[in-house]
Amino acid sequence: MTLSAAEANQLKQAPAVEGVIPAILHRWSPRAYADKSVSHADLKTIFEAVRWSASSGNEQPWRYIVGLQGTETYSKIFNSLFEGNQLWAGKAPVLMIGLANTLGQKGNTNGAAVYDLGQSAAMLVLQAAQLGLAAHQMGGYDRDKARQFFGVPAEYHLGAAIALGYQGDPSQLNERQQEQETTPRKRKDLNEFVFGEWGEALNLR
């Protein structure tokens, strides 16, 4: 039996943890998107959140190429995606690519640029979750093709492609994607990645 969008969403929620920001617990990465556009007002709110992301030396190295469904930019991003992602991502009303300028303002290499891009993307997906939107970040696309399509300078690192929109009904997906859409999420325990010494879990009790 195929789950509805609401049932799949409920299944994907992280367990409630006291004190954790709700948007963090609500955020997940669907593949099924509803036929509903994202307003310019919501996009502006999302990128205001990105704007205030932390960055090394206040370089703010992130850039986002944003394609709205039906535009040439959207088509270029879609045509950069690997086939497995094209199977579902074309239903999302917004596709984008995040980039990081690795050349600092003083002409030096900004070693933190990619890290800062990642921070800004985290702000993006959390603000989207707060607005009731869903973002799915993808490493699976041809970066060389995207660079050529958009004429991106060599000093820019291409990060993830991102699909953005409203969660849709899993029934629109193929069998494998439906399974991914309706399988409860799992995460490592804190003691597997929070250390007091290397390889030794920090005692948080």
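The values are calculated or read from the model by the stated rules, or taken from the named source; none is laboratory data. Quantities reported herein were computed from a predicted structural model and do not represent experimental measurements. Quick reminder, even Gly has a Cβ in these numbers, built from the backbone with ideal geometry, and neighbours come from all protein chains shown. Keep in mind that these areas ignore ligands, DNA and RNA; they rest on the heavy atoms of the full protein, side chains included. Shrake-Rupley method; radii C 1.70, N 1.55, O 1.52, S 1.80 Å.
Quick look at the values:
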| read-out | value |
| --- | --- |
| For the stretch 26-37, 3J(HN,Hα) per residue [Karplus equation, 6.51 cos²θ - 1.76 cosθ + 1.60, θ = phi - 60°, Hz, x = Gly/Pro] | 7, 6, 8, 10, x, 10, 8, 10, 7, 7, 8, 6 |
| Farthest positive-ward along the chain dipole, Cα basis, beta-carbon charges - from ALA112, ALA8, THR183 | ALA112 |
| Average accessible area per residue (Å²) across the stretch 1-113 - probe 1.4 Å, nucleic acids and ligands excluded | 56 |
| Length-normalised contact order for the stretch 1-91 - Cα pairs under 8 Å, 6+ apart - percent | 22 |
| Which labelled figure in (1) 1.05; (2) 0.99; (3) 0.92 is Rg/Rh (Cα atoms, Kirkwood Rh), once derived from the coordinates | (2) |
| Most mobile listed residue (LEU158, LEU131, LEU190) in the chain, GNM with C-alpha springs under 10 Å | LEU190 |
| About the Cα centre, charge dipole magnitude for the stretch 36-192 (Lys/Arg +1, Asp/Glu -1 at Cβ), debye | 180 |
| Normalised contact order of the chain, rounded percent, pairs of Cα under 8 Å and 6 or more residues apart | 31 |
| Selected from ALA34, ALA135, ALA121 as most flexible by GNM, with the chain as the system and alpha-carbon contacts under 10 Å | ALA34 |
| Chain lengthening between ASN203 and GLN10 when straightened (0.36 nm per residue, less Cα-Cα) | 66.3 nm |
| Long-range amide H partners of LEU81 with built H, under 5 Å | ASP142 |
| In Hz, Karplus ³J(HN,Hα) per residue of the stretch 116-131 (6.51, -1.76, 1.60; θ = phi - 60°; x = Gly, Pro) | 5, 4, x, 4, 5, 5, 4, 4, 4, 6, 6, 5, 4, 4, 4, 8 |
| Pairwise centroid distance, computed over Cα atoms, of the stretch 94-165 with the stretch 7-62, Å | 14 |
| Theoretical gain in end-to-end length, ASP35 to GLN180 [0.36 nm per residue, Cα-Cα removed] | 50.2 nm |
| Exposed chymotrypsin sites (Phe, Trp or Tyr not before Pro) absent - longest run of the chain, DSSP non-H/G/I/E/B, at most 14 other C-beta within 10 Å | 83-192 |
| Chain lengthening between LEU3 and PHE82 when straightened (0.36 nm per residue, less Cα-Cα) | 25.8 nm |
| With every protein chain in place, the stretch 73-205: carbon and sulfur % of accessible area (1.4 Å) | 49 |
| Residue with peak Gaussian network fluctuation, the chain [Cα springs, cutoff 10 Å], from ARG51, ARG176, ARG63 | ARG176 |
| The chain: calculated mean residue ellipticity at 222 nm from DSSP helix runs of at least 4, using -39500 (n - 2.57) | -10500 deg cm²/dmol |
